[in-house]
Amino acid sequence: MVRWLAHGHISPNILTLIGVAINVGSGMLFGFGRFFWAGIVLIVANLFDMLDGQVARLSGRVTSYGGFLDSSLDRLSDMVVFVGLMVFYARDTEFHSTLNVFLAGAGMMGSVMVSYASARAESLIPKCDVGFLRRPERVVLFIIGALSTVRGSHNFFANRMPAVLWVLAVGSYWTFAHRMYHTWREVNKSEAREAMAEAAAIHAGKAPEVRHEPSLAHKAI
(Lines give C-alpha, C1' and ligand atoms only; values in the text may rest on other atoms or scores of the structure.)
Protein backbone atom coordinates (compact mmCIF):
# COMPACT_ATOMS: atom_id res chain seq x y z
CA MET A 1 0.00 0.00 0.00
CA VAL A 2 2.84 2.37 0.84
CA ARG A 3 4.50 1.70 -2.54
CA TRP A 4 1.19 2.23 -4.34
CA LEU A 5 0.66 5.58 -2.60
CA ALA A 6 4.26 6.62 -3.23
CA HIS A 7 4.09 5.80 -6.94
CA GLY A 8 0.61 7.30 -7.22
CA HIS A 9 1.97 10.78 -6.53
CA ILE A 10 -0.14 11.15 -3.38
CA SER A 11 1.24 14.01 -1.31
CA PRO A 12 2.32 12.94 2.20
CA ASN A 13 0.83 16.19 3.50
CA ILE A 14 -2.58 15.13 2.18
CA LEU A 15 -2.27 11.87 4.13
CA THR A 16 -1.39 13.90 7.24
CA LEU A 17 -4.49 16.07 6.82
CA ILE A 18 -6.72 13.02 6.26
CA GLY A 19 -5.37 11.45 9.43
CA VAL A 20 -6.12 14.59 11.43
CA ALA A 21 -9.66 14.80 10.03
CA ILE A 22 -10.29 11.19 11.06
CA ASN A 23 -8.87 11.94 14.52
CA VAL A 24 -11.35 14.79 14.85
CA GLY A 25 -14.11 12.31 14.04
CA SER A 26 -12.77 10.01 16.76
CA GLY A 27 -12.85 12.89 19.26
CA MET A 28 -16.47 13.60 18.37
CA LEU A 29 -17.38 9.93 18.89
CA PHE A 30 -15.74 10.05 22.31
CA GLY A 31 -17.80 13.13 23.11
CA PHE A 32 -21.00 11.29 22.21
CA GLY A 33 -19.98 8.27 24.29
CA ARG A 34 -19.43 5.91 21.34
CA PHE A 35 -16.17 4.67 22.80
CA PHE A 36 -15.85 1.39 20.88
CA TRP A 37 -16.30 3.04 17.47
CA ALA A 38 -14.08 5.93 18.55
CA GLY A 39 -11.35 3.37 19.20
CA ILE A 40 -11.81 1.79 15.77
CA VAL A 41 -11.69 5.20 14.09
CA LEU A 42 -8.59 6.08 16.12
CA ILE A 43 -6.83 2.98 14.77
CA VAL A 44 -7.65 4.00 11.19
CA ALA A 45 -6.51 7.59 11.83
CA ASN A 46 -3.14 6.46 13.11
CA LEU A 47 -2.63 4.19 10.13
CA PHE A 48 -2.62 7.38 8.07
CA ASP A 49 -0.26 8.93 10.61
CA MET A 50 2.20 6.09 10.00
CA LEU A 51 1.73 6.14 6.23
CA ASP A 52 2.59 9.79 5.61
CA GLY A 53 6.19 9.49 6.79
CA GLN A 54 6.79 6.22 4.96
CA VAL A 55 5.32 7.58 1.73
CA ALA A 56 7.45 10.72 2.03
CA ARG A 57 10.65 8.68 2.46
CA LEU A 58 9.84 6.17 -0.28
CA SER A 59 8.87 8.85 -2.81
CA GLY A 60 11.77 11.12 -1.92
CA ARG A 61 9.48 13.93 -0.81
CA VAL A 62 10.77 14.42 2.71
CA THR A 63 10.66 18.15 3.44
CA SER A 64 11.25 20.30 6.51
CA TYR A 65 7.77 21.76 6.22
CA GLY A 66 6.24 18.28 5.99
CA GLY A 67 7.91 17.34 9.27
CA PHE A 68 6.73 20.57 10.87
CA LEU A 69 3.16 20.04 9.61
CA ASP A 70 3.05 16.44 10.83
CA SER A 71 4.41 17.33 14.27
CA SER A 72 2.07 20.30 14.68
CA LEU A 73 -1.06 18.43 13.64
CA ASP A 74 -0.13 15.51 15.91
CA ARG A 75 -0.70 17.89 18.83
CA LEU A 76 -4.16 18.71 17.47
CA SER A 77 -4.93 15.00 17.04
CA ASP A 78 -4.02 14.39 20.68
CA MET A 79 -6.06 17.28 22.00
CA VAL A 80 -9.30 16.52 20.14
CA VAL A 81 -9.42 13.09 21.80
CA PHE A 82 -8.85 14.59 25.24
CA VAL A 83 -11.50 17.26 24.58
CA GLY A 84 -13.96 14.59 23.44
CA LEU A 85 -13.44 12.70 26.70
CA MET A 86 -13.82 15.89 28.74
CA VAL A 87 -17.10 16.64 26.98
CA PHE A 88 -18.38 13.11 27.59
CA TYR A 89 -17.59 13.08 31.31
CA ALA A 90 -18.85 16.64 31.76
CA ARG A 91 -22.29 15.87 30.30
CA ASP A 92 -25.26 15.43 32.61
CA THR A 93 -25.51 11.66 32.28
CA GLU A 94 -24.98 8.68 34.54
CA PHE A 95 -21.32 8.72 33.49
CA HIS A 96 -20.74 12.29 34.65
CA SER A 97 -17.46 12.52 36.57
CA THR A 98 -15.72 15.74 37.60
CA LEU A 99 -12.64 13.69 38.46
CA ASN A 100 -12.44 12.21 34.96
CA VAL A 101 -12.89 15.66 33.42
CA PHE A 102 -9.97 16.87 35.55
CA LEU A 103 -7.82 13.85 34.63
CA ALA A 104 -8.52 14.32 30.91
CA GLY A 105 -7.64 18.02 31.19
CA ALA A 106 -4.48 17.28 33.16
CA GLY A 107 -3.50 14.61 30.65
CA MET A 108 -4.04 17.01 27.76
CA MET A 109 -1.86 19.69 29.36
CA GLY A 110 0.79 17.11 30.22
CA SER A 111 0.90 15.75 26.68
CA VAL A 112 1.38 19.27 25.29
CA MET A 113 4.17 19.95 27.78
CA VAL A 114 5.91 16.69 26.86
CA SER A 115 5.90 17.66 23.18
CA TYR A 116 6.92 21.27 23.85
CA ALA A 117 9.76 20.24 26.17
CA SER A 118 11.12 17.96 23.46
CA ALA A 119 10.86 20.61 20.73
CA ARG A 120 12.47 23.30 22.89
CA ALA A 121 15.18 21.00 24.22
CA GLU A 122 16.25 20.01 20.73
CA SER A 123 17.26 23.61 20.09
CA LEU A 124 19.84 23.08 22.86
CA ILE A 125 20.79 19.39 22.56
CA PRO A 126 20.74 16.94 19.63
CA LYS A 127 17.85 14.75 20.82
CA CYS A 128 15.28 14.67 23.62
CA ASP A 129 12.90 11.74 23.23
CA VAL A 130 13.32 10.14 26.65
CA GLY A 131 10.39 9.08 28.80
CA PHE A 132 8.00 6.18 28.60
CA LEU A 133 4.80 8.04 27.67
CA ARG A 134 5.25 9.45 24.19
CA ARG A 135 2.58 9.89 21.54
CA PRO A 136 2.48 6.24 20.33
CA GLU A 137 1.99 5.06 23.89
CA ARG A 138 -0.77 7.61 24.44
CA VAL A 139 -2.59 6.43 21.31
CA VAL A 140 -2.34 2.79 22.38
CA LEU A 141 -3.73 3.66 25.82
CA PHE A 142 -6.65 5.53 24.25
CA ILE A 143 -7.42 2.54 22.04
CA ILE A 144 -7.28 0.15 25.02
CA GLY A 145 -9.58 2.38 27.04
CA ALA A 146 -12.01 2.75 24.14
CA LEU A 147 -12.20 -0.89 23.05
CA SER A 148 -12.52 -2.13 26.64
CA THR A 149 -15.64 -0.04 27.23
CA VAL A 150 -18.66 -2.31 27.59
CA ARG A 151 -21.58 -0.66 29.34
CA GLY A 152 -23.05 -2.68 32.14
CA SER A 153 -20.13 -5.09 32.28
CA HIS A 154 -18.51 -5.78 35.66
CA ASN A 155 -15.56 -7.65 34.18
CA PHE A 156 -12.24 -6.47 35.61
CA PHE A 157 -10.84 -5.78 32.14
CA ALA A 158 -13.91 -3.85 30.96
CA ASN A 159 -14.43 -0.06 31.15
CA ARG A 160 -10.77 0.80 31.66
CA MET A 161 -10.95 4.38 30.35
CA PRO A 162 -10.88 5.99 33.85
CA ALA A 163 -7.75 3.95 34.64
CA VAL A 164 -6.25 5.03 31.30
CA LEU A 165 -6.87 8.68 32.21
CA TRP A 166 -4.99 8.20 35.49
CA VAL A 167 -2.03 6.70 33.62
CA LEU A 168 -2.09 9.51 31.03
CA ALA A 169 -2.33 12.26 33.65
CA VAL A 170 0.42 10.94 35.92
CA GLY A 171 2.61 9.48 33.17
CA SER A 172 2.61 12.65 31.07
CA TYR A 173 3.98 14.78 33.90
CA TRP A 174 6.49 12.08 34.80
CA THR A 175 7.71 12.07 31.19
CA PHE A 176 7.80 15.89 31.16
CA ALA A 177 9.90 15.90 34.35
CA HIS A 178 12.19 13.23 32.87
CA ARG A 179 12.77 15.35 29.76
CA MET A 180 13.45 18.43 31.87
CA TYR A 181 16.05 16.52 33.89
CA HIS A 182 17.58 14.94 30.79
CA THR A 183 17.91 18.34 29.11
CA TRP A 184 19.43 19.92 32.24
CA ARG A 185 21.98 17.12 32.48
CA GLU A 186 22.92 17.23 28.79
CA VAL A 187 23.17 21.04 28.74
CA ASN A 188 25.43 20.96 31.80
CA LYS A 189 27.63 18.33 30.14
CA SER A 190 27.83 20.41 26.97
CA GLU A 191 28.67 23.59 28.88
CA ALA A 192 31.31 21.74 30.90
CA ARG A 193 32.94 20.45 27.70
CA GLU A 194 32.88 23.93 26.20
CA ALA A 195 34.40 25.42 29.36
CA MET A 196 37.16 22.81 29.36
CA ALA A 197 37.88 23.42 25.68
CA GLU A 198 37.97 27.18 26.24
CA ALA A 199 40.26 26.80 29.25
CA ALA A 200 42.57 24.54 27.24
CA ALA A 201 42.63 27.05 24.39
CA ILE A 202 43.44 29.93 26.77
CA HIS A 203 46.13 27.87 28.46
CA ALA A 204 47.66 26.99 25.10
CA GLY A 205 47.58 30.63 24.03
CA LYS A 206 49.36 31.83 27.18
CA ALA A 207 51.97 29.10 27.27
CA PRO A 208 55.40 30.67 27.93
CA GLU A 209 57.48 31.08 24.82
CA VAL A 210 60.88 29.42 24.84
CA ARG A 211 63.45 32.08 24.07
CA HIS A 212 66.70 30.90 22.53
CA GLU A 213 69.44 33.06 24.07
CA PRO A 214 72.57 33.35 22.01
CA SER A 215 75.45 31.24 23.32
CA LEU A 216 78.65 32.79 24.71
CA ALA A 217 80.42 31.86 21.52
CA HIS A 218 77.95 33.83 19.44
CA LYS A 219 78.20 36.79 21.83
CA ALA A 220 81.93 36.81 21.48
CA ILE A 221 81.59 37.14 17.74
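The values are calculated or read from the model by the stated rules, or taken from the named source; none is laboratory data. Source: prediction; values computed, not measured. A quick note on method: Cβ atoms are made from the backbone with ideal geometry, for glycine too, and the neighbour counts reach across all protein chains shown.
Below are the figures for this structure:
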{"read-out": "Residues of the range 131-149 satisfying the condition of being on the phi < 0 side of the Ramachandran plot, touching a Phe, Trp or Tyr at 6+ places or on another chain (Cβ under 9 Å) and not in a helix (DSSP H, G or I)", "value": "Phe132, Leu133, Ser148, Thr149"}
{"read-out": "Index of the failed condition, Tyr181 passing every other in (1) in a loop (DSSP other than H, G, I, E, B); (2) at pLDDT 90 or above", "value": "(1)"}
{"read-out": "Tally, over the range 66-95, of residues that are within 19 Å of Ala146 (Cα to Cα), without any contact (Cβ under 8 Å) to a residue 24 or more places away in the chain and either among the polar types (S, T, N, Q) or assigned to a helix (DSSP H, G or I) (or both)", "value": "3"}
{"read-out": "Residue that is modelled with the highest pLDDT [pool: residues in the range 5-21 that are over 12 Å from Leu73 (Cα atoms) and touching a helix residue (DSSP H, G or I) at 6+ places or on another chain (Cβ under 6 Å)]", "value": "Pro12"}
{"read-out": "Any hit, the range 52-61, residues being more than 16 Å from the chain's Cα centre (by Cα), under 18 Å from Leu147 (Cβ atoms) and not in a helix (DSSP H, G or I)", "value": "no"}
{"read-out": "Sole exception among (1) of a type in the set (Ser, Thr, Tyr); (2) surrounded by 14 or more Cβ atoms within 10 Å (Cβ to Cβ); (3) more than 17 Å from Met180 (Cα to Cα) for Ser118, by number", "value": "(3)"}
{"read-out": "Filtered residue count, the range 96-115, keeping only those that are exposed (fewer than 13 other Cβ atoms within 10 Å of the Cβ) and either in contact (Cβ under 8 Å) with a residue 12 or more places away in the chain or assigned to a helix (DSSP H, G or I) (or both)", "value": "2"}
{"read-out": "Unique residue being under 26 Å from Ser118 (Cα atoms) and surrounded by 18 or more Cβ atoms within 10 Å (Cβ to Cβ) when the list is Leu29, Leu42, Leu76", "value": "Leu42"}
{"read-out": "Pairs, first among the polar types (S, T, N, Q) in the range 39-64, second assigned to a helix (DSSP H, G or I), C-beta under 6 Å, six or more apart", "value": "Asn46/Val139; Gln54/Val2; Ser59/Ala6"}
{"read-out": "Top-ranked residue in the range 131-166 [being within 16 Å of the chain's Cα centre (by Cα) and over 15 Å from Gly39 (Cβ atoms); ranked as surrounded by the fewest Cβ atoms within 10 Å (Cβ to Cβ)]", "value": "Phe132"}
